[in-house]
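Coordinate-derived values only; no laboratory data. Computed from a prediction, not measured in an experiment: that's the story for all the values here. Please note: Cβ atoms are built from the backbone with ideal geometry, for glycine as well, and neighbour counts cover all protein chains shown.
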Amino acid sequence: MITTVFQDFLTTHITPSPDVCDRALQSRQFYLARLEALAAQNPDFPALAPQHLDTSPLFRKTQIRPLQQLSLLLLLQAPKLETNPSPIFPQVYWLKLTELESPLSRYRDEHDYFSSTLLLQGLGNYCKGLRPIKSWLEADALCWQRRGDAWLLQLIPTILVQDQRGQALYDLVPDGSGNWRRSPERKRLAQLQAVNVRYQGQVLPLVRLLQYWRQQVGLAIAASDWEALIVQVLSQHKGSFTGFPAGLLCFWQGCQGLSLGSEDKMILNHAAQAAALAEQAIADADEGKVDAALELWQQIFGAVFGGDESD
C-alpha cells in the first residue's frame with residue numbers, strides 16, 4: 001500500500017510526464033543539429049568534439065517538475081594547451097594555447113591567456129539571428145531557447161584535460177570571470193550511477209523524492225549540490241535498504257553524521273525532523289496502521305501525498 005502511494009506520488013506530482021520528456025529529447029536533438037550546422041557553415045567556428053556530456057537532471061533521471069533547463073557540456077577539440085592552476089584562487093585555471101594557428105587563438109586576452117569570456121562572446125556572435133532560437137549569454141554559458149519550449153538549453157564550452165594515455169582527468173568550464181574552473185559534473189555522474197547500481201536502481205527515484213522535499217522545506221542549497229549530497233550520504237551508508245520509506249530514512253539519518261558549516265545547520269534540523277516522522281511512519285505501517293503512516297508521510301511531503309489530484 002505505502003509503496004503504491006509513493007509510486008503514484010512520483011508519477012503524479014514529481015517526475016516529468018513522458019510527453020514532456022519526449023519533447024525535451026526532440027528539442028535537444030534540434031539544438032544539436034543547429035549547433036552542428038553552425039560549425040559546418042563557419043570554418044572558424046570552434047571545433048567540436050564528436051560527443052558532449054549531458055549534465056541535465058532529465059537525462060540522469062533525477063529531474064522533477066517543472067522542467068526549466070537542459071544543460072550540456074559542449075566539448076571542444078582543443079589544441080595543445082598549458083593548464084596553469086591559479087596561485088590565488090583554488091580550482092581556477094589559466095590556459096595558454098601552444099598552437100597559435102588554432103582558430104581558438106583569437107580568444108586570447110591581453111595577457112595572452114585563452115579567455116573563456118572571449119570564447120563565449122565569439123560563440124554568441126555566431127548565434128545572432130538564429131531562428132527560431134532566442135540566444136543570449138550568461139557569465140559562464142551560452143543559452144538557447146526555441147520558440148514554444150518551456151525550457152532553455154544551457155551550452156557550457158568545455159575543455160577536457162587528459163593524461164598522456166588519453167584518459168579523461170577533468171573538465172574545465174568558464175568560471176564567469178574569463179578564467180576556467182574544474183567542473184565536478186563528470187565525477188558526480190559516475191558517482192550517481194555507481195550508487196544507483198549498488199542499490200539496484202532505487203536511488204534515482206529517491207533523488208527525485210528528496211529534491212521535491214528540499215523544495216517543500218525551503219532548503220537553500222542548489223539542486224545539483226543537493227543531489228551530490230544525497231549520493232555522498234548513500235555511498236557512505238554501510239548497509240542496504242529496500243523501498244522508498246527505508247531509503248528516505250537512510251538518507252535523513254545519514255545526514256546527522258555530516259560535518260556541515262553553520263549555514264547548513266538547517267539541513268540537519270529538517271533531516272532530523274523528517275527522520276523522526278519517517279521512523280514512526282514505518283513502524284505504524286509495519287503494525288498495519290496504514291492511515292496513521294500516511295498522515296505522517298503527509299507531514300513530510302505535504303497534503304498532496306496520497307491525494308488524488310495531479311499538479
Name the residues of segment 61-86 whose amide N is less than 19 Å from a point 7 angstrom out from the Cα of ASP109 along the C-beta direction?
-> 81-86
What is the ratio of the Cα radius of gyration of segment 189-301 to 2.2 N^0.38 Å, where N is its residue count, to two decimals?
-> 1.04
Please work out how much length the chain gains when fully extended from VAL290 to LEU258, using 0.36 nm per residue of separation minus the C-alpha to C-alpha distance, in nm with one decimal.
-> 8.3 nm
Can you give the extra length, in nm with one decimal, that the chain gains between GLN69 and GLN167 once fully stretched, where that is 0.36 nm per residue apart less the Cα-Cα distance?
-> 32.3 nm
Taking the chain as the reference, fit the longest principal axis to its C-alpha atoms, fit the long axis of helix 116-126 to the helix C-alpha atoms, and give the angle between the two in degrees, 0 to 90, nearest 10.
-> 80 degrees
If one compares the long axis through the Cα atoms of helix 290-301 with the longest principal axis of the Cα atoms of the chain, the angle in degrees, nearest 10, works out at 30 degrees
May I ask you to derive the relative contact order of the chain, considering only C-alpha pairs under 8 Å and at least 6 residues apart, and to give it as an integer percent?
-> 16 percent
In a solvent-free Debye calculation with one equal scatterer on each Cα, what is log10 I(q)/I(0) for the chain at q = 0.08 Å⁻¹, listed in the order of the q values?
-> -0.45
Partner lysines whose C-alpha sits under 23 Å from that of LYS80, ignoring same-chain residues fewer than 8 away, are LYS96
Relative contact order (%) - criterion: Cα under 8 Å, at least six apart; region: segment 17-183 | 20 percent
Please give the contour-minus-distance gain from ALA37 to VAL217: 0.36 nm per residue of separation, less the Cα-Cα distance, rounded to one decimal in nm.
-> 60.4 nm
FRET efficiency (MET1, THR242; Cβ distance; R0 22 Å; to 0.05) is 0.90
Roughly how tilted is helix 223-236, in degrees to the nearest 10 and between 0 and 90, from the longest Cα axis of the chain?
-> 60 degrees
Quick one: Cα centre-to-centre distance for segment 62-137 and segment 149-192, in angstrom?
-> 10 Å
Percentage relative contact order, segment 189-301, counting C-alpha pairs under 8 Å, at least six apart = 23 percent
